[in-house]
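Okay, so here's the structure we're looking at.
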Amino acid sequence: MNIQLIGASGFVGSRFLDTYRNEFSVYNLDKNPSRHHSDITSIGDVRDQDSLDVSLKGTDAVVLLAAEHRDDVSPTSLYYNVNVEGTKNVLNAMDKNGVKKIIFTSSVAVYGLNKNCPNENHPHDPFNHYGKSKWQAEEVLREWYHKDPENRSLTIIRPTVIFGECNRGNVFNLLKQIASGHFFMIGQGNNKKSMAYVGNIVALIKDRLINRVSGYEVFNYVDTPDCTMNELVSQVETSLDKKIPSVKFPYALGMLGGYCFDLLALVTRKKLAVSSVRIKKFCATTQFDASAVRSAGFKPPYTLAEGLHNTLHYEFIDTNKDHDDIYVTE
């Protein structure tokens, strides 16, 4: 099977290539070079139709990972230029080259914040441009699929926040803060935070490449059971074998601090690690129904506790890790 990954120089794509490149005839198209897979990587952009048309020649299936997803993308039109228009360009290139199968990584951001454990049929209600653009991209993909449902294959994976070794996103920053012993909790810490370990996400992509021939499917992906913020602190204590002191601040006070950082970022024109959006996301309950993917037969190779333990040991105990393998994703 000839697999064209698009946007695989980042965190998830690199982990997929590290783990599975020898099991497929696989290639990567990305606007950035790949640290360890330059021999199978071509430089290109989903906004460039010509590069996509050339890259998809002889391809059996596409895995579309490319996206603008950080909280602070500017201008906001980039979310739509890349995530929506870029998806249209990929589908155009697939049609030109007779490619019938695509796996698309979307996001649970399409549901919005503080929903009651939504499943895949829950109404969409994204609260930011990232979630809105991902939903629009899904709609483009569904329209493409329904034009020829007997011959086309579309899998949409909606992962919650993804973490793992080498990632420098929000989960890493949170784990680092907890591990430092200088962590303060905003709120009571009883809100549940869904997470997805990168090792399980890439295993799911491989599973659907192998086991899906035609048809449409959409899966939430969460590693269960979900843990509360207090339970996450306990996991850090267990994995690192240290006591983590914590101080709790009221939610209103935390949001006030976030707005102050927003104002400071506006005045200094600098991107800061703290913002009202990130505090809101930190305090939100992000719990999702991911039973459908298990019902489809997928068995994740790692538990959530194992994924957290692996990440914590790699980042804060292992002294032999490769410091060049860093992916800033959020």
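The values are calculated or read from the model by the stated rules, or taken from the named source; none is laboratory data. A quick note: this is a predicted structure, and the numbers were derived from the prediction, not measured. Backbone-built Cβ (ideal geometry, glycine too); neighbour counts: all protein chains shown.
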Take the residues in the stretch 297-313 that are loosely packed, with under 15 Cβ neighbours inside 10 Å and in contact (Cβ under 8 Å) with a residue 24 or more places away in the chain, then tell me which one is nearest to Val171 (Cα to Cα). His313
How many residues does the stretch 200-232 contain that are farther than 20 Å from Glu165 by Cα and outside any helix (DSSP H, G or I)? 11
Restricting to the stretch 52-78, name every residue that is at pLDDT 95 or above and not hydrophobic (A, V, I, L, M, F, W, C). Asp53, Ser55, Lys57, Gly58, Thr59, Asp60
Hey, does the stretch 48-60 have a residue that's of a type in the set (Ser, Thr, Tyr) and farther than 22 Å from Lys96 by Cα? no
Going by what's in this entry, would Glu150 be described as acidic (Asp, Glu), crowded, with 21+ Cβ neighbours inside 10 Å and in a loop (DSSP other than H, G, I, E, B)? no
Evaluate the stretch 113-124: report whether one residue or more is touching a Phe, Trp or Tyr at 6+ places or on another chain (Cβ under 7 Å), over 19 Å from Asp226 (Cβ atoms) and not β-branched (Val, Ile, Thr). yes
Can you name the residue in the stretch 80-111 that is of a type in the set (A, V, I, L, M) and within 28 Å of Phe163 (Cα to Cα) and is also surrounded by the fewest Cβ atoms within 10 Å (Cβ to Cβ) among such residues? Val84
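Looking at Val267, Val277, which one is touching a residue at least 24 places away in the same chain (Cβ under 8 Å) and of a type in the set (Val, Ile, Thr)?
Values: Val267 fails: touching a residue at least 24 places away in the same chain (Cβ under 8 Å).
Every option except Val277 fails the conditions.
Does any residue of the stretch 185-207 turn out to be within 19 Å of Phe298 (Cβ to Cβ) and surrounded by fewer than 17 Cβ atoms within 10 Å (Cβ to Cβ)?
Here is the first cut: in the stretch 185-207, the ones within 19 Å of Phe298 (Cβ to Cβ) are 194-207.
Restricting the remaining residues to those that are surrounded by fewer than 17 Cβ atoms within 10 Å (Cβ to Cβ) gives none.
No, the conditions are met nowhere in the stretch 185-207.
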